[in-house]
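Quick note: the coordinates plus some simple rules give every number you see, no bench work behind them. Bear in mind the structure is a predicted one, so any value in this text is a computation, not a measurement. Cβ placement follows ideal geometry from the backbone for every residue including glycine, while neighbour counts extend to all protein chains displayed.
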Amino acid sequence: MTEADPQALLHLATELATAAGALLAAGIDQARTAVSTKSSVTDMVSEMDRAAESLIVGCLRKERPDDAILAEEGARSEGTSGLRWVIDPLDGTTNYLYGIPAWSVSIAVESDGEPLLGVVRDPSRNDTFSALAKQGSWRNGVRLVPLPVPTLD
């Protein structure tokens, strides 16, 4: 297990998701010239997926060189810190390509194979959702409190 501060990691993940979200939002109206498919004709990947992943991974390799990386569009590296960043740089590519505002940037961190934290940035709604293992979850910095479970009677 690494000695990394979970709050510092959460801050970094939030910064990276926000930066990638801004990049994607700025490019949403551009013509798509480099769209290809992966596992099926509906599993698309665009130059914007790759650009967002490159932004996130480039920063992580500079800031956290000992951490492992697993990213959807192909970036992978082994690490020695016990931490692994799991990245979907554009979650909802099809929606993004069709101008449907239901897409996000998703970044998670595992510590020794166990989930440690996650961040989902939704630039279309200016929302950032985050969670820390055993500490709770937040929307735009405000703690989320689950509603009581209703009875069926």
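Data for the structure
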| quantity | calculated |
| --- | --- |
| Two-site FRET efficiency, residue 143 against residue 25, from Cβ-Cβ distance with R₀ of 22 Å, rounded to 0.05 | 0.25 |
| Where GluC sites (Glu not before Pro) in DSSP loops with at most 12 other Cβ within 10 Å are excluded, longest remaining stretch of the chain | 79-153 |
| Antiparallel DSSP beta bridges within the chain, as percent of all bridges there, nearest 5 | 90 |
| Amide hydrogen neighbours beyond the local backbone of residue 116, cut-off 5 Å, H modeled | 109, 110, 111 |
| The chain: mean projected area of Cα convex hull, nm² | 11.3 |
